[in-house]
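Down below is the structure, laid out as structure tokens.
Since every read-out is calculated from the coordinates, none of them should be taken as a lab result. Note that the coordinates shown come from a computational prediction; the quantities given were computed from them, not determined experimentally. Cβ placement follows ideal geometry from the backbone for every residue including glycine, while neighbour counts extend to all protein chains displayed.
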Protein chains: 2
Amino acid sequence: MKPAATALQTAEDSTDTGAQQIRDAIRDAIVERRLSPGTKLSESDVGNLFNVSRTLARAALQALSYEGLVSVEKNRGAFVAYPSPDEARQIFAARRLVEPGILREAAARITPSQIQHLKQLLIAEGRLMGERGQMARRAEIKASGDFHLTLAAISGNAIMQRFMDELVARSSLVIALYGQSTISSCGHSEHGDIVAAIERNDLDEACRLMLHHIAHIEADLDLRERKSVGLKEAFEG
Amino acid sequence: MKPAATALQTAEDSTDTGAQQIRDAIRDAIVERRLSPGTKLSESDVGNLFNVSRTLARAALQALSYEGLVSVEKNRGAFVAYPSPDEARQIFAARRLVEPGILREAAARITPSQIQHLKQLLIAEGRLMGERGQMARRAEIKASGDFHLTLAAISGNAIMQRFMDELVARSSLVIALYGQSTISSCGHSEHGDIVAAIERNDLDEACRLMLHHIAHIEADLDLRERKSVGLKEAFEG
DNA sequence: GTGCAAAATATCGTATACAATTTAGCCGTC
DNA sequence: GACGGCTAAATTGTATACGATATTTTGCAC
């Protein structure tokens, strides 16, 4: 009897179950705003959409509930999370709390090729910034998150990386709900400034910029509501 | 059609499902060391133990997997997490990263009655410290975690609180695995020092003490393995 | 006795079925 | 017309059933 294997990579070795795929698909749909906050995600509907049984649909929804992207209410069903303004503030407070530390860790370990990778992300982000249309906006939100996620990956701490995964996804939800889209472009240059500060090894300045960046995103939120688009339309057609 | 209710308290309103109870029971068993790392938790066995079907047992195990307390391997089964030394280092690195920030937030919001509550925790912890026996040791580990958890609760950020929940639980697992029990008592006085620093509003010192405290715990780890005790014995008799 | 192959066993992955709860519609009464 | 209760439909909670995969055991040859 082997003692539970390596246990270093918890469960990310491969897509161990079909529920993972459904979870990822729904998560992408949420993060990319194809599913609006508050949309009901009935187990039957989800199962039918992906041609699986309710068992897998339920597992996927429960997993998303752990990540804070859907909220399941007892005997009532699952809904795309509808973060309250207070919840939004907590999300960004958490990011202000952890991202400077992650940045310092990442800067201490970063390699030239990783810096190059970050710069490529910046370029892709800038390209998206120039484009118009809802699709470009979605991609821009995702790209903006990828920058922070890559930093977390570079830090080498899998636990913080997973936490940032959650925070970024929920941030996307908050931005989709409350953000005024016109201003998200300024975040790009701030990303560039951070990379520059890392490159010249000015960590204090990099952290300062990071905090400013997060505060800046948070400052650009209003409380307008957006109407849901429905489940089927988000995946079909 | 209501828009998904408040969504502030995500799912903690009440025990919405029997799986939650099983999850909590198993988590307590893990944190209190009644279940040793590496112990196999077959879905059938868990279900039989709690007199529920495999469905609920599976849901509970999956939830614990998300918290990092058990690792599920495809087509092989679930095991109590067996954190590697590297994983242990990451857990404590994460705590060093977030706990000073949580401490600052908590100190900014703390009320006299909450300070009193913290002191009561310290007293209870001290009482446990004096006692002998495995049971007292378990309670001491739990109490030590409660101090950090209470701080997170005071900080008022539910997201960070949940993250600390996970970190503390996994820390208990690491301590149970690698810790040399004789030294955990010194952590108590350090807790007291931190509270004292908070009370006189010396936040820099409090953070310094917190970092020292975490580093101290981490320094007292060796790599000895401990044998599992088996599933049934942990719950029965 | 050792090593390999194949059946047997155990366990997980998924689907389906039934029970319990909530929600919506309907009707009657005030 | 509004409100309260009752029935019916829909949805979730849980259990069971069946198929797939991994592990162990058995058997045989060497």
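See the values below:
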item	result
Average beta-carbon neighbours from other chains, 10 Å sphere, peptide B:113-123	0
Whole-Hz ³J(HN,Hα) from phi, Karplus 6.51 cos²θ - 1.76 cosθ + 1.60, for the stretch B:23-30, glycine and proline x	4, 5, 4, 5, 4, 4, 4, 5
Per-residue ³J(HN,Hα) for the stretch B:48-62, Karplus 6.51 cos²θ - 1.76 cosθ + 1.60, θ = phi - 60°, Hz, x for Gly and Pro	5, 4, 9, 6, 10, 7, 4, 3, 5, 4, 5, 4, 4, 5, 5
Peptide ranges B:188-201, A:71-84, B:106-119 listed from the most packed, as the mean C-beta count within 10 angstrom indicates	A:71-84, B:188-201, B:106-119
Identity and axial distance of the chain A residue whose Cβ lies nearest the axis relating A to B, Å	A:Tyr66, 2
Exercise: per-residue mean of other protein chain Cβ atoms within 10 Å, A:150-158	2
Leading residue at positive end of dipole, the stretch B:18-82 (Cβ point charges), from B:Asn75, B:Ile30, B:Ser53	B:Asn75
Prolate/oblate/rounded label for the stretch A:88-178 (Cα gyration tensor, a/c 1.5)	oblate
Other-copy label distances relative to A:Pro112, 7 angstrom Cα-Cβ extension, nm	6.3
Position A:Glu199, label points 7 Å along Cα→Cβ, spacing to each other copy in nm (shortest first, one decimal)	5.2
Between the stretch B:18-36 and the stretch B:83-111, the Cα center-to-center distance that results, in Å	23
Calculated label separations, A:Arg54, copies of the chain, 7 Å along the beta-carbon direction, nm	2.0
